[in-house]
Amino acid sequence: MSHIKQEGPAGGTAEFREETPVKNKRGESNKLRKGRSKIHRRHTPKLCCAVPRGTASKVVARVQNHDWHRNLDLIALRRKGYVPYTKRNNPNFVPKPMRIRARQEIRETLTVLSMAMAAHCDYNPDSDYCFEIMMPFEQIAAAAGMLHVYENGRKAYDSPREALSVMEQLEYVIVDHDKDPDAGQNKPMRIWLADKFFTSRGIAGEEIREWLGKFKLWALKKGLTESLRKKYEHHLLRLEAFGLDLKRKHSLRNRLKQIKRWVVSPDLDELKQTVMATLEGELEMRVNKDNARIDRLLDDKDIQLRALNRKRKQQHPYYRAWVQWSNSVMPHEAMTLETSFRHAHPGLVSSEPEMYYRLLLELANNR
């Protein structure tokens, strides 16, 4: 719609000029839609990944049945008002109070995003920092069914990103925002689940410690401890190559160490030491048993070789001639002669016994 403005001196002839309306991005978007309804959301949140059995499936089940209407942390945050993701670096932004009950779309997004992160979390208590999400956030958004790909190939995940920002303000997750080496934009690069993520869903600290202890016992039983350690080290090396390590982020490392201390309790350490001592004792017992069996086999083999050598010696005539000659002289003379000859020709009596006794007889006849 055009606007008409009156200009001119007071009491004089008025001039009217038609103003061109100011174009903005919102108006252009509405014009391109041409009367069609605005898209509220492109995808309905739905978990699109397989959930591993064990600890991950238990956490996902608890998260799935969570009622956000009764979440006191979310109620307190909405009363105060939370900061959108795009305004988190704006110091002049003042959050506005919101209604207590969140919309259904927000609740669904928070639930499915929590399930996706719980399914791809690292539950190994031997890791440097516990509960790290082992996938990029773009893949987490795809696992939650909220990754939108435009025709030109651009990917967008605004809904899960806003939900992650809400969970970060709830202190349910710890997010390391850094520059993406591919896109060159600041994005959530590393994510960890905090202790409040579990306690807000009704998972007590003792229960999560019990689950982690069972995970550790399962890894020891299946022989996966070394492979899990190598997988985690490869993950850290890949992040370090992108410059995403935590060497200079002291406050973040201290917060993650607090979660580590909350998880790895003295009871879990004692259980780990007991299991390790039991496994080492059983391994030592098996090694000793195998060594004893090997010693018996070697002794039997040595006895067989000695018997075979005696039999071989008795078969050739030079041995019988040597025995006959040694019986005709003093015993110490035959023993001294054979000892000196054996020192002069080591190993000959076992490798070539016939040549040994032939040369020994020649030496005895020439002395």
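The values are calculated or read from the model by the stated rules, or taken from the named source; none is laboratory data. Note that the coordinates shown come from a computational prediction; the quantities given were computed from them, not determined experimentally. Methodologically, a virtual Cβ is constructed for each residue, glycine included, from the backbone with ideal geometry; neighbour enumeration extends over all protein chains shown. Areas reflect the complete protein model, heavy atoms only, side chains present, ligands, DNA and RNA absent. Shrake-Rupley method; radii C 1.70, N 1.55, O 1.52, S 1.80 Å.
Simple spin-label estimate for residue 87 and residue 101 gives 2.4 nm between the two label positions (7 Å along the Cα-to-Cβ direction from each Cα). Pairs 46/214; 216/257; 58/214: which are spaced more than 21 Å apart, C-alpha to C-alpha? Result: 46/214 exceed 21 Å. For the Cα trace of the stretch 127-275, dividing Rg by the Kirkwood Rh returns an Rg/Rh value of 1.00. The Cα atoms of the stretch 219-265 give a gyration tensor whose axes a ≥ b ≥ c have a/c of 1.5 or more with a/b no greater than b/c, which makes the shape oblate. In terms of its C-alpha gyration tensor, the stretch 60-125 has an oblate overall shape, because the principal axis ratio a/c (a ≥ b ≥ c, square roots of the eigenvalues) is not below 1.5 and a/b does not outweigh b/c.
Size of the stretch 55-179 from its Cα atoms: along the principal axes, largest to smallest, the extents are 41, 41, 29 Å. The residues of the stretch 73-177 expose, per residue, 48 Å² of accessible area to a 1.4 Å probe.
3J(HN,Hα) along the stretch 218-226: 5, 5, 5, 5, 8, x, 9, 4, 5 Hz, from the Karplus curve 6.51 cos²θ - 1.76 cosθ + 1.60 with θ = phi - 60°, whole Hz, x for Gly and Pro.
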